[in-house]
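In what follows, a single structure is set out as structure tokens and then discussed.
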């Protein structure tokens with residue numbers, strides 16, 4: 001595959017001298033074979049391992065294609081063709097949507113992860129430090145103050161961070177040593193340190209080790225350990241911790257579900273867990289069908305989303321995202337499915353009807369990841385492009401118009417030629433990096 005994700009294949013043709021030459025072609029998205037694909041290359045003689053083209057990636061990131069040809073003199077030459085990538089993966093964050101409290105202030109330095117809260121933003125730098133911007137009334141920026149910031153400020157004392165998650169007014173970070181740290185608002189114990197006192201600097205979440213993934217809802221958090229077990233803490237008023245009760249937890253407790261979870265996500269008031277066999281299990285508030293089960297009220301006991309998995313069923317899911325009142329999932333075939341509240345089109349099925357069971361998002365067949373805001377949705381395609389749908393009053397879709405959309409539309413807020421490697425969403429704002 002070329003750097004743009006298109007499949008590059010060899011083909012033969014008759015050169016001007018009458019000999020058989022090797023050229024390169026690519027398959028277009030509609031399945032047609034484009035033999036006019038131009039490649040810049042030089043002829044190099046006497047290279048070993050001739051034959052059908054091989055590919056390698058040069059240190060510059062260019063894809064090198066090599067193949068033999070019979071030249072006019074009858075000798076076997078090798079064509080080295082360097083395909084210049086049409087997309088540039090810079091890792092630099094792009095933010096759009098509501099920025100009235102400074103939450104769009106992501107800077108220009110490359111990042112490895114981004115998370116959005118109600119009105120604040122977290123980014124992880126390539127050096128493993130965390131920076132934050134936006135609203136800071138509860139200390140959710142983590143710099144020891146409660147002063148808002150429109151530019152990224154460094155979170156105090158954290159290094160070696162590999163992932164971040166943002167709740168409504170609190171923040172969470174996962175370090176490379178498997179420990180979890182949190183800061184900000186703590187009224188429901190969402191900092192996980194056994195207290196309800198806010199903290200403007202990171203505190204260690206009690207008892208968690210060997211954690212490999214984290215997620216945050218509005219006022220609760222989830223952690224996935226290396227053994228496949230899931231732990232939860234914070235507000236549990238509608239059963240979003242999945243413990244079978246509505247008792248808040250000031251320190252992490254194990255969610256009573258079988259091990260084997262591979263990824264997880266949190267909506268505002270619900271939780272989603274993906275198993276290795278493709279089944280999604282959900283817990284929490286279900287008034288609008290956001291648990292993917294045909295029932296109302298709270299799902300105090302975790303149960304499977306209807307129609308998900310198990311393998312070898314075609315309904316095998318590999319990634320999930322939780323929004324305000326809706327859920328998204330990527331199926332192994334690259335399609336995206338959604339369920340829950342849909343009054344603003346955030347399910348992307350061309351309607352505004354709520355869905356208690358998964359429905360297919362219109363026109364997406366090559367999804368790699370999804371992200372969900374309060375009432376909008378994002379999808380990252382395997383070719384590095386981004387689309388969005390749902391509520392757009394604050395331009396959180398990043399599209400060419402300010403109108404809501406019930407179907408996915410290309411995000412024009414991302415500069416042309418950018419190969420996006422990750423997406424994230426806050427309540428009313430969005431990111432690509």
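The values are calculated or read from the model by the stated rules, or taken from the named source; none is laboratory data. Just so you know, these numbers come straight off a predicted model, no measurement behind them. Don't worry about glycine lacking a Cβ; one is built from the backbone with ideal geometry, like all the others, and counts go over all protein chains shown.
Quick notes on this one:
Listed here are the residues, each with its yes/no results for (1) touching a helix residue (DSSP H, G or I) at 6+ places or on another chain (Cβ under 9 Å); (2) in a strand (DSSP E or B); (3) on the phi > 0 side of the Ramachandran plot; (4) surrounded by 24 or more Cβ atoms within 10 Å (Cβ to Cβ).
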| residue | (1), (2), (3), (4) |
| --- | --- |
| 302 | no, yes, no, no |
| 309 | no, no, yes, no |
| 319 | no, yes, no, no |
| 339 | no, yes, no, yes |
| 342 | no, no, no, yes |
| 348 | no, no, yes, yes |
| 359 | no, yes, no, no |
| 365 | no, no, no, no |
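- Hits in segment 244-280 (condition: under 22 Å from residue 186 (Cβ atoms) and without any contact (Cβ under 8 Å) to a residue 40 or more places away in the chain): 247, 253, 254
- Residue that is farthest from residue 334 (Cα to Cα) [pool: residues in segment 382-396 that are in contact (Cβ under 8 Å) with a residue 60 or more places away in the chain and either within 15 Å of the chain's Cα centre (by Cα) or part of a strand (DSSP E or B) (or both)]: 384
- Hey, residue 298 touching a strand residue (DSSP E or B) at 6+ places or on another chain (Cβ under 6 Å), modelled with pLDDT under 95 and within 28 Å of residue 184 (Cα to Cα) or not: yes
Matching residues to (1) touching a helix residue (DSSP H, G or I) at 6+ places or on another chain (Cβ under 8 Å); (2) at pLDDT below 95; (3) within 16 Å of residue 182 (Cα to Cα):
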position: 218; (1), (2), (3): no, no, yes
position: 234; (1), (2), (3): no, no, yes
position: 240; (1), (2), (3): no, no, no
position: 250; (1), (2), (3): no, no, yes
position: 265; (1), (2), (3): no, no, no
position: 268; (1), (2), (3): no, no, no
position: 276; (1), (2), (3): no, yes, no
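- Number of residues in segment 144-157 that are closer than 24 Å to residue 196 by Cα and crowded, with 20+ Cβ neighbours inside 10 Å: the value is 1.
- Filtered residues of segment 215-228 (kept if more than 25 Å from residue 145 (Cα to Cα) and in contact with a strand residue (DSSP E or B) (Cβ under 6 Å, 6 or more places away or on another chain)): 222, 223, 224, 225, 226, 228
- Among the candidates 113, 109, 132, the residue that is within 27 Å of the chain's Cα centre (by Cα), modelled with pLDDT of 50 or more, part of a strand (DSSP E or B) and surrounded by fewer than 22 Cβ atoms within 10 Å (Cβ to Cβ) is uniquely 113.
- 2 or more residues under 24 Å from the mean Cα position of the chain (by Cα), free of Cβ contacts under 8 Å to residues at least 60 places away in the same chain and within 26 Å of residue 111 (Cα to Cα): qualifying strands (runs of 3 or more DSSP E) within segment 162-240: 170-175, 180-184, 211-216, 220-225
- Residue within segment 257-264 that is under 22 Å from the mean Cα position of the chain (by Cα), farther than 19 Å from residue 166 by Cα and assigned to a loop (DSSP other than H, G, I, E, B) present: yes
- Consider segment 398-410 and keep the residues that are part of a loop (DSSP other than H, G, I, E, B) and in contact (Cβ under 8 Å) with a residue 60 or more places away in the chain. The one that is farthest from residue 117 (Cα to Cα) is 404.
- Complete set of residues in segment 169-188 that are crowded, with 24+ Cβ neighbours inside 10 Å and under 15 Å from residue 138 (Cα atoms): 170, 171, 172, 182, 183, 184, 186
- Of all the numbered requirements in (1) assigned to a strand (DSSP E or B); (2) buried (at least 19 other Cβ atoms within 10 Å of the Cβ), residue 250 misses one, and that requirement is (2).
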